[in-house]
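Q: I have a structure here, written as structure tokens, and I will follow up with some questions on it.
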Amino acid sequence: MNESEFVDLAEETIEAIQESIEESGADIDYDEINGVLTLEFENGSQIIFSKQTPAKQLWMAAKAGGFHFDYDEADQQWICDSGDKENLHTMLNRFSSEQSGESIQIFPE
């Protein structure tokens, strides 16, 4: 994947997260500025996404820590480069639920 393809894919992913939040009906405020997406929960906690073009990764910062995701072209999903190699959707659902204190499904499982 070249840099241009990465940027397009990362921007599509950030947009898909925003659309999924809207569709889920979850009480999450979000704001995207210059490719950085900040999700804010009712209790003030946040999850922040940023694209790291030189590394061709999406980074997510949550209360649980910082996580880096590589795009798996064969499976067409973002996979965490550490731990159990979970996909971004699974981790975002889990961290959103943990941080908000309620069950949140931004992406259907």
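The values are calculated or read from the model by the stated rules, or taken from the named source; none is laboratory data. On a predicted model such as this, the values are computed, not experimentally measured, just so you know. Quick reminder, even Gly has a Cβ in these numbers, built from the backbone with ideal geometry, and neighbours come from all protein chains shown.
Q: Looking at GLU5, is it free of Cβ contacts under 8 Å to residues at least 40 places away in the same chain, surrounded by fewer than 16 Cβ atoms within 10 Å (Cβ to Cβ) and not small (Gly, Ala, Ser)? Quick ask: steps written out before the conclusion?
A: Values: free of Cβ contacts under 8 Å to residues at least 40 places away in the same chain: yes; surrounded by fewer than 16 Cβ atoms within 10 Å (Cβ to Cβ): yes; not small (Gly, Ala, Ser): yes.
In short, yes.
Q: Taking segment 65-95 as the region of interest, how many residues are within 10 Å of the chain's Cα centre (by Cα) and of a type in the set (Ser, Thr, Tyr)?
A: 1
Q: Right, here's the next one. List every residue pair whose Cβ atoms sit under 8 Å apart, with the two residues 6 or more apart in sequence or on different chains, where the first one lies in segment 49-62 and is at positive phi and the second, anywhere, is part of a strand (DSSP E or B) and not β-branched (Val, Ile, Thr).
A: Matching pairs, first to second residue: LYS56/ASP70; LYS56/TYR71.
Q: Considering each residue of segment 80-100, count those that are closer than 24 Å to PHE41 by Cα and without any contact (Cβ under 8 Å) to a residue 60 or more places away in the chain, and give that number.
A: The number of residues fulfilling the criteria is 12.
Q: All but one of (1) surrounded by fewer than 17 Cβ atoms within 10 Å (Cβ to Cβ); (2) at pLDDT below 95; (3) within 17 Å of SER20 (Cα to Cα) hold for SER82; state the number of the condition that does not hold.
A: It is condition (3) that SER82 fails.
Q: Something else about it: With the requirement that a residue be surrounded by fewer than 12 Cβ atoms within 10 Å (Cβ to Cβ) and either at pLDDT 95 or above or under 19 Å from TRP59 (Cβ atoms) (or both), what does segment 9-49 give you?
A: If the condition is that a residue be surrounded by fewer than 12 Cβ atoms within 10 Å (Cβ to Cβ) and either at pLDDT 95 or above or under 19 Å from TRP59 (Cβ atoms) (or both), then GLU12, ASP31, ILE33, ASN34 are the ones that fit.
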